[in-house]
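I have placed the structure first, in the form of structure tokens, so that the comments after it can refer back to it.
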Amino acid sequence: MEKSNKISAKNWAIIWIAGLAGQLCWNIENQWFNTFVYAKVAPDPGIITWMVAVSAIVTTLSTFISGTGSDRLGKRKPFIVIGYILWGVFTIVFGTIEFLPKNNLMVAATMVVAADAIMSFFGSLGNDAGFNPWTTDISNENNRGGLGAVVAVQPVLATIVGSVLGGMIISALGYFAFFVIMGSFVILVGVFTGFVLKDSPDLKPSVDPKGYFHQFAQAFNFKLLAKNKMLLLVLCVFAMFFISFNVYFPHLINYFIYTRGYDEGISGILLGIGLVVAIPFTLIAGKFINKKKYVPVVAIALIGNIVGLFLMVLSHFVGSGDFINKFVIVIGIIFVGGGYMVIYQSLMMWCKNLYPEEQRGQLEGVRLFFYVCVPMVLGPAIANPVIKNLGKAITLYYDGVGVPGYTPSKELFYVAAAVAALTFIPLFFAYLQEKKERMLPENQINE
């Protein structure tokens with residue numbers, strides 16, 4: 001049955017509520033978990049590196065496991081409902097680490113990494129293996145450009161709300177109250193989806209007769225992925241760009257606080273202004289994405305992102321704390337954020353249009369391997385020695401005990417820009433493959 005080109009009002013409401021809640025929870029993990037480490041454990045970028053890497057691996061495995069399960073059952077709803085509820089529960093559990101003894105840094109760091117990993121498992125269950133394939137199920141090639149604009153805007157709105165509201169709540173009530181409030185919100189969204197969300201009537205079980213584990217293993221069969229050359233190349237673009245993104249982003253709020261001297265509120269405002277101004281870029285890009293102009297859109301956005309990273313460095317040389325300094329930071333965020341949003345939007349929709357219908361849930365796991373696992377392992381691993389060798393040495397005090405560490409340095413942006421520039425390599429090969437496919441009959445593509 002052919003899908004309507006219109007997404008229903010109820011589904012749009014679910015997309016906005018569940019999608020924004022999911023992105024808000026990811027934002028909490030990607031930003032405030034990292035500031036929590038500096039504020040409550042130690043100013044050690046190594047802890048953040050381990051936390052980000054382990055959670056990325058767990059997220060990817062969870063998506064493989066759960067995505068295969070949702071494909072076999074032909075159901076996304078139970079994964080979304082259960083995943084979101086437990087996601088919220090373990091966000092609250094993470095906050096309780098604040099009350100553990102800090103006299104043993106290794107134990108405290110291990111607890112932080114473990115709690116983040118458990119939260120990530122259920123977040124991936126609900127959002128990556130459930131919600132994301134569901135949005136693909138209820139859409140088609142004719143309306144995914146508009147859906148992509150929404151999908152791209154949501155992380156930005158979550159960053160704005162999470163940064164500004166998070167900073168206000170943490171300043172007024174502390175970290176634990178913040179995690180309780182946000183975790184409770186995600187739990188309520190999980191309950192909400194249990195009452196209103198319905199699976200697509202076109203979604204059918206896709207069962208490998210050789211069993212679950214054989215079907216699960218197919219996700220790791222890169223020979224099968226290599227047969228879809230275009231999808232493989234798009235995933236390589238995903239990986240390279242987000243390695244660059246993860247060089248600086250996990251340390252961004254700590255950079256504003258400990259390197260630039262801004263508090264949480266000002267940091268949130270600077271991010272918020274820049275990202276709000278950048279949102280219209282996604283609406284413009286959506287029109288070209290609907291026409292499948294993926295390569296030029298990504299290329300232009302990539303240039304903008306690199307320019308923004310250099311502007312972040314430039315902000316160090318135009319004064320400190322004055323209006324011009326903050327103005328340059330905001331302009332840099334506009335370019336960085338606008339480029340990131342459009343690239344994410346384009347690649348998400350490009351991938352979705354390349355997924356075979358019977359493997360959408362499973363291929364979300366493949367996408368997560370390239371988009372989350374590889375970048376979140378390699379990006380912070382690249383950043384860690386940069387910070388330790390070029391960052392400023394500081395000592396923070398926890399219950400009267402001084403713990404030495406380092407502030408994130410501006411050189412992170414140089415390194416991120418260099419890695420981002422490498423993204424043009426797989427993008428160029430994707431352009432050549434796209435050109436080749438336009439010239440071949442459909443049955444000869446990828447042969």
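The values are calculated or read from the model by the stated rules, or taken from the named source; none is laboratory data. Because the structure is a prediction, the values reported are computed rather than measured. For neighbour counting, all protein chains shown are included, and Cβ atoms are generated from backbone atoms with ideal geometry for every residue, glycine included.
Points worth noting:
- Flag for L232 being in a helix (DSSP H, G or I) and touching a residue at least 24 places away in the same chain (Cβ under 8 Å): no
- Single residue of K293, K227 found to be without any contact (Cβ under 8 Å) to a residue 12 or more places away in the chain, surrounded by fewer than 16 Cβ atoms within 10 Å (Cβ to Cβ) and either closer than 22 Å to M376 by Cβ or more than 17 Å from the chain's Cα centre (by Cα) (or both): K293
- Condition check for A39: surrounded by fewer than 23 Cβ atoms within 10 Å (Cβ to Cβ) and over 20 Å from R367 (Cβ atoms): yes
- A single entry from A152, A108, A172 fulfils the requirement of being part of a helix (DSSP H, G or I), among the aliphatic types (A, V, I, L, M), modelled with pLDDT under 90 and buried (at least 22 other Cβ atoms within 10 Å of the Cβ): A152.
- Count of the range 235-280 residues which are within 18 Å of the chain's Cα centre (by Cα) and not in a helix (DSSP H, G or I): 1
- Residue selected from the range 404-447 under the condition outside any helix (DSSP H, G or I), out of contact with any helix residue (DSSP H, G or I) (no Cβ under 7 Å at 6 or more places or on another chain) and closer than 30 Å to H316 by Cα, by the criterion modelled with the highest pLDDT: G405
- Test result for P205, touching a Gly at 6+ places or on another chain (Cβ under 6 Å) and surrounded by fewer than 22 Cβ atoms within 10 Å (Cβ to Cβ): yes
- Cβ separations smaller than 6 Å between residues 6+ apart or across chains give the following pairs from the range 52-72 residues that are more than 24 Å from P250 (Cβ to Cβ) to residues that are among the basic types (K, R): S70/R76.
- Close pairs (8 angstrom Cβ cut-off, 6 or more residues apart or separate chains): over 18 Å from F79 (Cα atoms) and β-branched (V, I, T) in the range 1-23, modelled with pLDDT under 90 and not in a helix (DSSP H, G or I) anywhere: I7/I138; I7/S139; I7/N143
- Verdict on V276 being surrounded by fewer than 22 Cβ atoms within 10 Å (Cβ to Cβ) and closer than 19 Å to L157 by Cβ: yes
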